[in-house]
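Structure first, then comments.
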Amino acid sequence: MTDLPLPGGSMDAERWYPAPAKLNLMLHVVGRRPDGYHELQTVFRFLDHGDRLAFRLRRDGVVTRTNPIPGLDPESDLCVRAALALRQAAAVPEGVAITLDKRLPMGAGLGGGSSDAATTLIALNRLWRLDWPEERLRELGLALGADVPVFLFGRAAFAQGVGERLTPIALPDAWYVVLTPAVSVPTARIFAHPQLTRNSNRIKLPAFFPGVGRNDLEPVAVSLYPEIGRHLAWLARYGEARMTGSGSAVFAPFADEAAARRAFDARPPDMDGFVARGLVDHPLADLILGSRQAG
């Protein structure tokens, strides 16, 4: 492999790009479209915890992941797929070697794969000197997955449709205890379940504040995976606990870091997870803003 110089003359393998986790503070299924996709209303919030990626450009046009990750084949890896999609759409002759430091569990509803894909698009938009506007990146991202666009939007958002219609939302400061049961939940299984609520009342953006609504996917996920219910029940002693996305991770908000860490330290020894601060902006907001202004 022959490496390429990056803007400014440095090698970007020296830099880690963050791919933050997300929480769905609420998630209502409000209908089903003729194409079979579900109509959603949800509120996305980023966390200061997640995966991270490094990129080294290649002259030979090959797109690859450099490190093995158990349970994640490179061919199905969303960050590899994102790089290939951008390379093809932009007719880029160069390739890239991607190193993925996988910290978020798969099938947890924390958006790890989608965030990895979005960070790949954000980073390669810079490294390949494409200057694509945010809207164009989001269109490409939506083809990779419904959660990818919000990470390219770069702000806490109220989302509708399949998750692609995004409106920025102001959220108060909060810390979260996130517990990650040792189960991987296939999203398609939850959405296909006959007991899934598909007609929740729509809410209007001004009516939302933390604590409003629920996660319509949670009862189905708990019925299929009792471990999610056990984690929810324990966390609920500290306030309202919810599942994020289609599971399996669950969370509860806290007013400050000290309170969150006290609760986390009191968890049963067989429960894994982390403490994280809620963010309003994506950690790569400056690069996203640059692509937004380019449009």
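Computed from the coordinates by the stated procedures, all read-outs in this text should not be read as laboratory data. Remember, it's a predicted structure, so these values are computed and weren't measured experimentally. Note that we place each Cβ from the backbone using ideal geometry, even for glycine, and neighbour counts take in every protein chain shown.
Mind pulling the angle between the C-alpha long axis of helix 112-127 and the longest principal axis of the chain? Nearest 10 degrees, somewhere in 0 to 90. Its long axis makes an angle of about 30 degrees. Each of the peptides 81-93, 117-129, 162-174, 259-271 was scored by the mean count of other Cβ atoms within 10 Å over its residues; in descending order, highest first, they stand as 117-129, 81-93, 162-174, 259-271.
The angle between the Cα long axis of helix 134-144 and the main principal axis of the chain comes to about 70°, on a 0 to 90 degree scale. Remark: the stretch 104-111, residue by residue, has Karplus-estimated 3J(HN,Hα) of 8, x, 7, x, 10, x, 9, x Hz, where x stands for each Gly or Pro and the curve is 6.51 cos²θ - 1.76 cosθ + 1.60 at θ = phi - 60°. Fraction of C-alpha pairs exceeding 27 angstrom in the chain: 40 percent, rounded to a whole number. Dividing the summed -39500 (n - 2.57) terms of all DSSP H runs of n ≥ 4 by the residue count of the chain sets its mean residue ellipticity at 222 nm at -8500 deg cm²/dmol.
In the elastic network of the chain, a GNM with C-alpha springs shorter than 10 Å, the most mobile of VAL29, VAL250, VAL62 is VAL62.
Using alpha-carbon pairs under 8 Å, 6+ residues apart, how would you state the relative contact order of the chain in percent? Rounded, it is 24 percent for the chain.
The largest-to-smallest principal axis extents of the Cα set in the stretch 74-176 are 44, 29, 23 Å.
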